[in-house]
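Asker: Quick one: this structure, given as structure tokens, is what I'll be asking you about.
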Amino acid sequence: MATRILTLKVNGRVRDVAARSSALLLEVLRDTLGMTGTKQGCDGGECGACTVLVDGEPRLACITLASSAAGRKVETIEGLAVNGRMSALQQAFHEKLGTQCGFCTPGMVMSAEALLRREPNPTEEQVREALSGNLCRCTGYVKIVESVLSAAEARHEA
């Protein structure tokens, strides 16, 4: 299988990576770049654990060819922290108990981040809609939704 060099901008850093033509973005992020915060769940685009942002929009890395992200801005859960400190959204998930086992959390946070960027003051319904592609086996989503709403409120106060 042919390998090519892809130039990706991941979390603000330009990275040149050798990847097969058929390589998925998830494989490149986890296996080549060591960004294991993006989780490998269903491998079929159904659970949302692998959600990253590509040019600010949520994308499922398990069904996205890495080559389609070449030259685009890719953001992972690792990129949300600033100077080693959790983002307001990550902090809200921590404080409001929006995570239990934590496996779905990176995908949830990235979907929520995209929502808060386009809608800084979302309703509960908008949060639920934005997270509708992210599955959690541990919770009833109440604490997750509360976490996102809390982060939105904290951003307004800052």
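Asker: Looking only at region 91-99, decide whether some residue is out of contact with any helix residue (DSSP H, G or I) (no Cβ under 8 Å at 6 or more places or on another chain), in contact (Cβ under 8 Å) with a residue 24 or more places away in the chain and either outside any helix (DSSP H, G or I) or not basic (Lys, Arg) (or both).
Answerer: Within region 91-99 (the criterion being out of contact with any helix residue (DSSP H, G or I) (no Cβ under 8 Å at 6 or more places or on another chain), in contact (Cβ under 8 Å) with a residue 24 or more places away in the chain and either outside any helix (DSSP H, G or I) or not basic (Lys, Arg) (or both)), the answer is no, since none of the residues qualifies.
Asker: List pairs: first residue in region 64-87 and under 17 Å from residue 8 (Cβ atoms), second residue open to solvent by 20 Å² or more (accessible area, probe 1.4 Å) and hydroxyl-bearing (Ser, Thr, Tyr) anywhere in the structure, Cβ distance under 7 angstrom, at least six positions apart or on different chains.
Answerer: 67/21; 70/7; 71/7
Asker: Of the conditions (1) modelled with pLDDT of 95 or more; (2) part of a loop (DSSP other than H, G, I, E, B); (3) surrounded by 17 or more Cβ atoms within 10 Å (Cβ to Cβ), residue 132 fails just one. Which one is it?
Answerer: Status for residue 132: all satisfied but (3).
Asker: Within region 20-71, can you find the residues that are crowded, with 16+ Cβ neighbours inside 10 Å, part of a helix (DSSP H, G or I) and among the hydrophobic types (A, V, I, L, M, F, W, C)?
Answerer: 25, 26, 28, 29, 61, 62, 66, 69
Asker: Tell me, please, whether a residue that is within 15 Å of the chain's Cα centre (by Cα), more than 27 Å from residue 157 (Cα to Cα) and crowded, with 18+ Cβ neighbours inside 10 Å can be found in region 74-87.
Answerer: yes
The values are calculated or read from the model by the stated rules, or taken from the named source; none is laboratory data. Quantities reported herein were computed from a predicted structural model and do not represent experimental measurements. Cβ coordinates were reconstructed from backbone atoms using ideal geometry, including for glycine residues, and neighbour counts include every protein chain displayed. Heads up: the accessible areas ignore ligands, DNA and RNA and are worked out on the full protein's heavy atoms, side chains in. Shrake-Rupley method; radii C 1.70, N 1.55, O 1.52, S 1.80 Å.
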